[in-house]
Protein chains: 2
Amino acid sequence: MEKIILVKLGGSLITDKEKPFTAKMDVIDNLTRQIKRATEEDPTIRLIIGNGGGSYPHYPAVKYKMSGEIKSEEQKIGFCEVQDAAAQLNRIIVRQLLNNGVKAISANPSSMIIAKNGKIKEFFIEPIIELLKLNIIPVLYGDIICDEKFGAKIFSTEQILSELALRMKKRKIEVSRIIHNGMTKGVLDNKGQLIEFIDEGKFKKMKQCFFKTKGYDVTGGMLHKVEESLNLAKNNIKTIIINGVFQEDLLKKAILGYDCKGTVIS
Amino acid sequence: MEKIILVKLGGSLITDKEKPFTAKMDVIDNLTRQIKRATEEDPTIRLIIGNGGGSYPHYPAVKYKMSGEIKSEEQKIGFCEVQDAAAQLNRIIVRQLLNNGVKAISANPSSMIIAKNGKIKEFFIEPIIELLKLNIIPVLYGDIICDEKFGAKIFSTEQILSELALRMKKRKIEVSRIIHNGMTKGVLDNKGQLIEFIDEGKFKKMKQCFFKTKGYDVTGGMLHKVEESLNLAKNNIKTIIINGVFQEDLLKKAILGYDCKGTVIS
């Protein structure tokens, strides 16, 4: 199989984090069109997309206090509501991909994964591998997953994509890089300046300086993204964090492997 | 675990088969309310729901000629469109269950199953088992599945529920019965009269007499339903086929185990 590229569409990029259940359709349309053009320009590329949840699952996650173990009947309703919200947004992304001529199918993490003690225990990745063989893009997302110990646990899109990449690697299916599309130019220092490169050593020195991300993020924000990326770097998977907002066709360039402004983590 | 009951909501019952992408919201509301009342009356009941696709996946399935092997790029688009359509209707069912106070979560067959040569090869049922432990209802549906040989293959809700029941049985999780909700009183003979009971012997004699079901059905209709039911009967799983249209709270009664008008297959 060709080398695979993961594309993360950030939750705060594709939804209005100030308004519950509000997708930014213009941004989603733009990103999906860039994906279409990239795959036309280089048909050998194989993509896996993961969309963040943003203001969709965030509201029920906060309302039903879904950060810890499930202890009440109310939280079981919360489990269902968070899953429904996350799946709703994923449908919008897949629909827009299809509308723009990109062959894409939902891969529903809560149907493919079970966790135990907050860690992914089993991940049924076979449908994803089969979709890639057909050159259809699987579209995953941050989701709430059954946990044998805690009842349920929310996993970020980053966590799910990382776990997927590592499990594919064990099956000799190589992921070359992951492209994060967010609201900033990349990782910023405490003066708001772009940090163009991060590795393990540099990260240890700068960990305290991270700017808080705009809006809220039920699964962690920029610090979490960098930590997941360093974990992938140990497995020779490079991360590129770019600005997903409109101008410059940055996502298309990043997919095609051109140099583009952002933060590289390797 | 308590004994489990499967509930099939027929595609021609919950959608307008004459109009593409049209859900019958009044019928769906009524059925989901019956499910709510049944689970309130007997909280020990554990349910798994499967919704048919009706006029949602049918149109793209016909448009893209999805009955056989995937041979063209057009059919790959068809694969995506059929999956999207089936998932859209499933979201409507889950949302209405939640609106009526039923704890329910989508279990996406195309994310849990891969097929080979038109048969289900692997079925990752762990999330379904975990949801049942939490007393949350998994909601499956007829779906288009990756097939290692054919590319993709459409499986009916009946096929998926049957396969699930048999795989659960192997794990010592017993399914007691399956309740089909359709547009007729049950299985009808060639004079339109209800056949109250069918077993293997009776079926062989009557096979030629089946009425055609109203509307169309991409995955088979009443004959297919009876054949799947006889397969389950061999494994001590009883089928009850009832009329899902409104009056008499038939679904609620059938869930609670009361006698109700319909066809029993065992």
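General remarks:
- Carbon and sulfur %, accessible surface of the stretch B:109-266 computed with the full protein complex present, 1.4 Å: 49 percent
- Beta bridges by DSSP in the protein assembly as shown, antiparallel share as percent, to the nearest 5: 35 percent
- Average beta carbon contacts from partner chains per residue of B:73-79, 10 Å cutoff: 3
- By the compact-protein rule of thumb, 2.2 N^0.38 Å, the alpha-carbon radius of gyration of the stretch B:115-179 corresponds to a ratio of 1.17.
- Distant-in-sequence amide contacts of B:Val187, defined by a placed amide H-H separation under 5 Å and a gap of 5 or more residues or a different chain, comprise B:Ile195, B:Thr263.
- Averaged over the residues of peptide A:87-98, the number of Cβ atoms from other protein chains lying within 10 Å of each residue's Cβ is 3.
- Along each principal axis, Cα extent of chain B, largest first, Å: 51, 45, 37
- Expected 222 nm ellipticity per residue - DSSP helices of 4 or more, -39500 (n - 2.57), all of chain B, to 500: -12500 deg cm²/dmol
- Taken along the Cα-to-beta-carbon direction at a fixed 7 Å, the label points for B:Phe246 and B:Lys65 span 4.2 nm.
- Take each residue in A:136-148, count the other chain C-beta atoms within 10 Å of its C-beta, and the mean is 2.
- A 1.4 Å probe run over the stretch B:29-181, with the rest of the protein chains in place, finds 32 Å² accessible per residue.
- Accessible heavy-atom area order of B:Glu158, B:Glu248, A:Glu126, highest first, probe of 1.4 Å: B:Glu248, A:Glu126, B:Glu158
- A Gaussian network model of chain B, with springs between Cα atoms under 10 Å, assigns the largest mean-square fluctuation among B:Gly68, B:Gly53, B:Gly151 to B:Gly68.
- Cα pair distances exceeding 30 angstrom across the protein assembly as shown, given as percent: 48 percent
- DSSP bridge pairs, the stretch A:115-263: antiparallel proportion in percent, nearest 5: 60 percent
- Set B:Lys119/B:Lys205; A:Lys202/A:Lys234; A:Lys76/B:Lys8; A:Lys17/A:Lys76 screened for pairs whose C-alpha atoms are more than 19 Å apart: B:Lys119/B:Lys205; A:Lys76/B:Lys8; A:Lys17/A:Lys76
- Taking the accessible area of the stretch B:1-67, probe 1.4 Å, and keeping the other protein chains in place, the carbon and sulfur fraction comes to 50%.
- Whole-Hz ³J(HN,Hα) from phi, Karplus 6.51 cos²θ - 1.76 cosθ + 1.60, for the stretch B:182-197, glycine and proline x: x, 9, 10, 5, x, 7, 10, 7, 6, 9, x, 8, 5, 9, 7, 8
- If only the Cβ of Lys and Arg carry +1 and only the Cβ of Asp and Glu carry -1, the dipole of the stretch B:49-173 around its Cα centre is close to 440 debye.
- Extension gain, B:Glu174 back to B:Lys3 (0.36 nm per residue minus Cα-Cα distance, nm): 61.0 nm
- Accessible surface buried by the A/B pair amounts to about 3300 Å², both sides summed, 1.4 Å probe.
- When A:Lys170, B:Lys253, B:Lys261 are compared by accessible area of protein heavy atoms, the largest-first order is A:Lys170, B:Lys261, B:Lys253, using a 1.4 Å probe.
- Amide H to amide H, with H built 1.01 Å from N, B:Leu134 comes under 5 Å of no residue 5 or more places away or on another chain.
- Over all other residues within a Cβ to Cβ distance under 15 Å of A:Leu132, the charged ones net out to +3, with Lys and Arg as +1 and Asp and Glu as -1.
- Restricting the GluC sites (Glu not before Pro) of the stretch B:35-113 to loop positions (DSSP other than H, G, I, E, B) with no more than 15 neighbouring Cβ atoms within 10 Å leaves B:Glu69.
- Screening chain A for whole DSSP H helices of 15 Å or more along their axis (Cα) with average Kyte-Doolittle hydropathy at least -1.0 returns A:25-41, A:73-99, A:157-170, A:221-233.
- Nitroxide proxy distance, nm - points 7 Å out along Cα→Cβ at B:Lys207 and A:Asn117: 5.5 nm
- Under a model in which nothing but the beta-carbon of Lys, Arg (+1) and Asp, Glu (-1) is charged, chain B shows a dipole of about 480 debye around its Cα centre.
- Charge dipole magnitude, Cβ of K and R +1, D and E -1 - the stretch B:83-154, Cα centre, debye nearest 20: 120 debye
The values are calculated or read from the model by the stated rules, or taken from the named source; none is laboratory data. Values in this document were obtained by computation on a predicted structure and should not be read as measured data. Note that we place each Cβ from the backbone using ideal geometry, even for glycine, and neighbour counts take in every protein chain shown. Surface areas here come from the heavy atoms of the whole protein model, side chains and all, with no ligands, DNA or RNA. Shrake-Rupley method; radii C 1.70, N 1.55, O 1.52, S 1.80 Å.
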